[in-house]
Each structure stands twice: as structure tokens, then as C-alpha cells.
1. Given the DSSP H assignment, sum -39500 (n - 2.57) over each helix run of at least 4 residues in chain B and divide by its residue total; what's the result at 222 nm in deg cm²/dmol, nearest 500?
2. Can you list, shortest first and in nm, the gaps between the label point of residue B:131 and those of its counterparts in the other copies, using a point 7 Å from Cα in the C-beta direction?
3. Identify which of A:178, A:296, A:12 has the largest mean-square fluctuation in a Gaussian network model of chain A, with springs joining Cα atoms closer than 10 Å.
4. At what distance in nm do the modelled label points of residue B:63 and residue A:194 sit from each other, each positioned 7 Å from its Cα along Cα→Cβ?
5. Once you have all Cα-Cα distances for the protein assembly as shown, histogram them in 10 Å bins from zero and send the whole-percent values.
6. How far is residue A:20 from itself in the other copies, in nm, if each label sits 7 Å out from Cα along the Cα-Cβ line, shortest first?
7. Over the Cα atoms of the stretch A:133-205, what radius of gyration and what Dmax do you get, in Å?
8. I need the calculated FRET efficiency for the pair residue A:276 and residue B:90, taking r as the beta carbon distance and R₀ as 45 Å, to the nearest 0.05.
């Protein structure tokens, strides 16, 4: 596999829409996504159920997803309490967001940077206390890395500073996250290069982009250029960030897979089964609009995906 | 100006929709586009009115657009007859399409390659017979360069061959056109590099991309990487190719301008006036859906376009 697609629809998608998808439907969707060859799925977030009732069944989904062979199971955790709940069900990866904009951090997580970093150190300790085989990969996601709907411009120096602090506090890796849909390809390129110089390329391999202004796949091109190998996306483009008003729309998994496969980059994903997973999603959420062009346009006549070659 | 946007909505957009926009509305739209700083507009096509009644007023639009200072006025011509009609009203640029897929050429223009090339030689003679100041730039557009809805894959060797023949027949320049929405960034990059090697970089400076599978701006990234400096787009993404079923959707001017300006590339375009031109279009065609994310999302807080700096 050349590029790993991390499907975040069950977390970032479902947390942003009002209908609550039934747990059985979520399991069927996750199963269908994995059957299509999606290598990693972020199945939920360990937030309090009263805050995000859409994701109240995350623990059950981790257990379900862990039963699927060759699937990496990821979850989001907002804090130490969430991480403890996550570790109990053994996901392969846990991601904690840290908003580079501290104003956004206070509104989103109700925490200062110092408080988030304290939690990260405690989570690191909790992970290290586990038997070696049970330790998940621990990522710190740099939210609002490319700009903030409240503060506006977020200085790159602040992004680099927080990336260093996340690693120092115990994250295995950092991720760049365009929470607000402000990212330009020039930023994706520059920030990635500078973090690689600062912390080493193994400390940043993935990017989480939104399509708020239609720039999602252009930003993916920049990410590929600087050697990132994991790209988050959401089936049907559902989701976005509920705490960043006006910022909605993940990049669409279906169009992203087409982009990569048409460039000769293997994703391991089968288009027919991917479109089948989209039908599972559409049937479970009939009132939620799904984005993406490739499912409607179909594959070009004579198209040969890289994965099939 | 770093990148020149050529707005093709009045031609490629309006030819693909069934409502016929009133000539006065088209003039107001063209005026608004030019006021926003769009440097080049393809105002129409010299096709028989019975074939495309939507574009029957092209000659009048050329005259109107020529009266606007600092605006390059482009038109499409399908053949010698169309070119003669175009030359009479003195556009700055005429473009003749040649479908690299000969099957598509027969269905689209009802002509073989040899017949199109004969016309190009005759058009070259007609241009050369004009006083030097009246001679338009003459471009041959390589339609279906990236694949054909009828033939499927179009070999790159055929694209290079036809590029050479267009120049030999008298075109000043060739353009790559993703008529069918099949293009991948790898193709845009490779084909451009190879045509540059074959004919010189000055013989290929522009690209016409569709967004059929959501890949438009990703393909623009590839075009920028290999030094192309003119990008066609359509306000609201209206249009596509009426002769390639299932292939619809130009790249959206509004999102393209945001991409370029956010990367520090100057387009000379003012966003407020661009959104005003979109309102002029929307008011004239209330039933036509307009695409694009940036107009709805608005500019990011604190955003500074390159052109304004």
C-alpha cells in the first residue's frame, strides 16, 4: 500500500450531524468499509454521551471493529478520562486533539494548552503501564493548525512550538489538522517540511483536511509532495467540526481514492465495495446529504486502479 | 499577475445548460467578471445558431467585450466557417478544438483529424492575411486528451502526435483539455512535460480541466507544478461537455481563485467583486445550480489574498 486512508466518517462525520445512527447500522457500515479495503477507521470518540450522544456507543464499536482482521481501529479522546475509557477496550490508535489556537482550545475542549499537555503526560504513563502488545499508537492532533475561526491567523511558529510540546509530553506522533478549512497547499507543504526538520519525518505522517472551501484534494496533492502517507477522509464527505461555525465538510473518501488510484498510488481499496459501503451509509442515514462526484460519475471507461494492477 | 484565469462560463457553461441567457444579461455578467479582474473571458462559440441557440449572440458579445479595457476576449470556433465569422469581429484569441479521440471528433465536430487540420491551415492563412495588429492568438485545444467516454483510454503518444500536428498546421499554441473529466494529476504533469520537451514550453501554457470526479483543483496543482500559467474555469462550475454524456462540471472559478491566492499566487482578481459577478449570474439564471464552496463559506478570518498584498 502506498497511501493509507484513515476513514473518519464514523467519528468526525457522525458527530457533526443531528440524526443518531443506530449501533447496528454503524457496525454494518464499519464492516462494509473494512471489506472495501479501508485500512484504518476512526470509529468514535470517548466524549461524555451527554455532550455527543451520537457517539455514545464508541466502546462497543471498538470491540466490533477489533474483531475485523487487518483493520486498524482508531479513536479520538478529548482528555485523560476519555483515554482511560479508550484503553480499556484496546484500540490500535488513540488521538488527542490540541487546538493550536488556545481560544479555540478553551471553547472546544474547555482546556488551556497546559492542561491538555498535563493530560497527555498522564495518558503516556497509562499507556506505558500496559503490557507492550496492548499499547496503542498515540497521536497528538494539531487542531486549527492552519487558522482559527475565532483568532484568524495562527502563526506557524505556534504550530511548530506545539508540535514539539506534544512529542515532549509523550505523543508518538503529531498530525496536522485543518479543523476550520483554512489550509492552503503552501501551508501544508511548509508546515510539514518544517515539522519534519524539527522532529523527524516519522513524527508526522498524516494530515486531516477539510473541504470547506473546496480545497481538500489540492491540499492532498501538497501532502503527497512532502511525503505524508496517511490521509484522513470521510465517506460522502460527511462531517466537519461542530465547534467551528461555518467550517464543515471533510474530504470525500470516494474522490480521494479515485485521485490516488488514478495517479498510480495503491490504497488497497476496491471501488465496487467502496460504493457498496456508501449505499450502506445512505440507507442508514437517508436524510443526510452525501457529497462526492466519483460515485455519481462512475469510473472512467477503461480505468485501471493502481491497486488492481 | 502570476496565473491567468480564463473564464469560460459564457461559452462552456452556457452551451451546456438549456435556458438561454438573455444577451443583456450576458453583457452585464461579462462586465462584472471583467470588473472583478478576470483577465480573459471566452465569450462564446461561432457554431451555427440552430446547433447551439444559447450562443447565437457570440458576435455581439465579442464586440461588447472588446469595448472593456484590459480584457482579453476569446472565442471558440469549430471550423473554418466559424473562424471566418470570428475574425470579422476581432477577438484577441480563437481556439479550435481537435478531439484526440477520432471517434469523439466525428461525433462532436463530425470531422476526421485530417479535415480539422485542413481547416486549421486555412484559418492560419486567413489570420496571416489580416493586418498584423488584427491577428488573434490561435490555439488548438486537444480535446479528450486524457481519455474518451467512447474509446476509453487515449494513448499519450496520440496526444503528442496531435499536438505536433496542430503546431505544424499553424496553431500558435496547443492546450490540454480534459473534456471528459478523466484526467489525473500524473497525466497532467507527464503530458505537459512531454509536450514542452517536444514543442517548447511556449507552445503549451494552459489547461482546461473538468471537475467531473472532483479532481479539478488537484489537477490544477499538477499544472502549476509543471509551469502552466493559464487555467480555464467557469463561474459556479457551470458547464462541461454536452457531447460527452456523464461528463459535466467545469472547475469553479471562485474556488480556483481562492486556491491560487491562498498559495501566494496573484490572479489580479478581487473576491468581493467576483462574488458580485456570481450574484449577477445567479439572478440571470435562477434555476441553474451554481457550484463552489468559497462563496458560501466566505473567506477565512484574517485572510489576505496575494493580489491585495
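1. Mean residue ellipticity at 222 nm (helix-derived): -12000 deg cm²/dmol.
2. Counterpart label points of residue B:131 in the remaining copies fall at 9.2 nm.
3. Of the options given, A:296 has the highest mean-square fluctuation.
4. So the label points at residue B:63 and residue A:194 sit 5.6 nm apart.
5. 3, 17, 26, 24, 15, 9, 4, 1, 0
6. Values, ascending and in nm: 5.7.
7. My reading of the Cα-based Rg and Dmax gives 12.3, 42 Å.
8. According to the calculation, E is roughly 0.20.
FYI, it's all coordinate maths here, none of it is from the lab. Everything numeric here is computed off the predicted structure, so don't read it as measured data. Here the Cβ is made from the backbone with ideal geometry for all residues, glycine too, and neighbour counts use every protein chain on show.
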